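FYI, it's all coordinate maths here, none of it is from the lab. Computed from a predicted structure; not experimentally measured. Note that we place each Cβ from the backbone using ideal geometry, even for glycine, and neighbour counts take in every protein chain shown.
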Amino acid sequence: MYDVIIIGGGIVGISTAWQLQNRFPHKHIMVLEKEPHPAMHQTGHNSGVIHAGVYYQPGSLKADFCKRGAIQTISFCKEHDLPYQQCGKILVATNRLEYERMKVLEARCIQNGIEIRRLSGEELEKREPAISGVGALFVPATGITDYRKITEKLAELLVERGGKVRFGAEVKAIHEHRDTVDILSGSQTIKSRYVIACGGLMADRLARMMHIDIDFRIIPFRGEYYQLPAKHNKTFHHLIYPIPDPEMPFLGVHLTRMVDGSVTVGPNAVLGWKREGYGCLNLDL
Ligand SMILES: Cc1cc2nc3c(=O)[nH]c(=O)nc-3n(C[C@H](O)[C@H](O)[C@H](O)COP(=O)(O)OP(=O)(O)OC[C@H]3O[C@@H](n4cnc5c(N)ncnc54)[C@H](O)[C@@H]3O)c2cc1C
């Protein structure tokens with residue numbers, strides 16, 4: 001019998017398990033992950049940006065978590081010798097409308113206690129000769145890292161502390177009883193006192209397995225990235241973002257320096273035919 005079973009070996013599941021194991025060293029905690037390695041979905045397919053918290057509603061949990069999370073992510077990378085760079089980010093306004101939206105973001109950053117500098121078009125060009133705009137916001141705290149490596153390290157620390165991670169262990173059914181939960185994974189039924197679902201893109205399916213009446217369904221959108229030719233690896237000195245359109249739930253296509261020195265441009269947002277499909281022809285009927 002386990003005390004806590006966590007479903008999902010992305011960064012959310014593994015870090016939740018690690019935090020719980022640190023706080024409750026005598027509890028039996030296990031992560032069940034359907035893939036053969038951690039971080040094979042969103043966590044291993046993102047821009048690798050350590051966000052400073054520019055976009056979030058002041059006073060919200062997101063604003064607070066993002067700011068504290070950025071500090072903790074960098075200190076975790078330092079402590080465990082994981083790659084990171086605090087290269088800063090520049091949000092570029094290319095016309096008057098974006099400039100007005102930029103001022104709203106600037107006010108939000110100030111309310112969130114995030115250090116920013118407003119740049120004129122000329123100052124922007126001095127910092128980034130290949131970029132032009134009518135003005136920009138410079139956010140020095142933003143950084144980059146490799147979230148797959150962070151998750152692998154967290155999994156290693158979890159196991160050192162006595163926790164378990166079982167790979168190739170897809171959860172197929174969940175039955176809740178008065179004091180315990182039965183989790184069917186492969187041909188095995190595992191008993192636990194508590195279950196925490198951290199299934200990323202499968203969140204709605206896991207909720208339905210638990211017979212929870214939910215009012216949402218995940219519609220997959222795929223973000224496509226392109227890698228710039230290596231001759232442009234040193235063309236940009238910061239992460240370059242557009243000023244987001246407040247009507248859209250995306251941050252916009254950005255130029256991202258990766259920790260391996262390459263530069264990507266993306267992501268767009270294309271309706272996907274498969275939840276965890278990363279090629280444009282992946283289908284799941
Ligand atoms: C295109 C894109 C770019 C992004 N860029 C950034 C960025 O630059 N910086 C940033 O901070 N965030 C970024 N994000 C967000 C970030 O990637 C996610 O918030 C984060 O990775 C979510 O982690 P997770 O553990 O919840 O999900 P996931 O990493 O998807 O993990 C969920 C895990 O659950 C497992 N699972 C699901 N169902 C089952 C089951 N039935 N049984 C067993 N296991 C199961 C899956 O196999 C998977 O490993 C980006 C997201 C996207 C889509």
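Quick notes on this one:
- Taking amide H as placed 1.01 Å from N in the peptide plane, L119 has its amide H under 5 Å from the amide H of A136, L137, F138, each at least 5 places away in sequence or on another chain.
- Projected label points at A173 and E100, each 7 Å from Cα along the beta carbon direction, are separated by 5.8 nanometres.
- Degrees separating the helix 96-111 axis from the principal Cα axis of the chain, which is the longest one: 60
- Where labels lie 7 Å past Cα in the beta-carbon direction, separation of N268 and F221 in nm: 1.4
- The angle between the Cα long axis of helix 61-79 and the longest principal axis of the Cα atoms of the chain comes to about 90 degrees, rounded to the nearest 10.
- Rounded tilt (10° steps) of 147-160 against the dominant C-alpha axis of the chain: 30
- ³J(HN,Hα), Karplus 6.51/-1.76/1.60, whole Hz, each residue of the range 269-276, x for Gly, Pro: 9, 10, 4, x, 9, 8, 4, 10
- Amide hydrogen neighbours beyond the local backbone of I50, cut-off 5 Å, H modeled: G143, I144, T145
- Theoretical ellipticity at 222 nm over the chain - DSSP helices of four or more residues, -39500 (n - 2.57) apiece, nearest 500: -8500 deg cm²/dmol
- Taking Lys and Arg as +1 and Asp and Glu as -1, the other residues whose beta-carbon sits under 15 Å from that of E247 total -2.
- For Y2, nonlocal amide neighbours, meaning residues 5 or more places apart or on other chains whose placed amide H falls under 5 Å from its own, are K191, S192, R193.
- Karplus (6.51, -1.76, 1.60) ³J(HN,Hα), θ = phi - 60°, over the range 251-265, in Hz, Gly and Pro reported as x: 7, x, 5, 10, 8, 10, 7, 9, 5, 7, x, 7, 10, 10, 10
- A207 sits among other residues whose Cβ lies under 13 Å from its own Cβ, and their net charge, with Lys and Arg +1 and Asp and Glu -1, is -1.
- Extension gain, T180-H211: 0.36 nm per intervening residue step, less the Cα-Cα distance, totals 9.6 nm.
- Listed values for the range 224-237 are Karplus-derived 3J(HN,Hα) couplings in whole Hz (6.51 cos²θ - 1.76 cosθ + 1.60, θ = phi - 60°), namely 9, 10, 10, 9, 6, x, 4, 5, 9, 4, 10, 5, 10, 9, and x replaces Gly and Pro.
- Candidates H238, H80, H177: whichever shows maximal mean-square fluctuation once the chain is modelled as a Gaussian network with Cα springs under 10 Å: H177
- A Gaussian network model of the chain, with springs between Cα atoms under 10 Å, assigns the largest mean-square fluctuation among I29, I240, I196 to I196.
- Formal net charge of residues neighbouring V31 (Cβ-Cβ distance under 15 Å; K, R +1; D, E -1): -1
- When the listed pairs K27/K149; K67/K149; K78/K191; K27/K172 are checked against a 28 Å cut-off, the alpha-carbon distance exceeds it for K78/K191.
- Once both labels are positioned 7 Å from their Cα atoms along Cα-to-Cβ, the gap between A107 and K62 label points is 1.9 nm.
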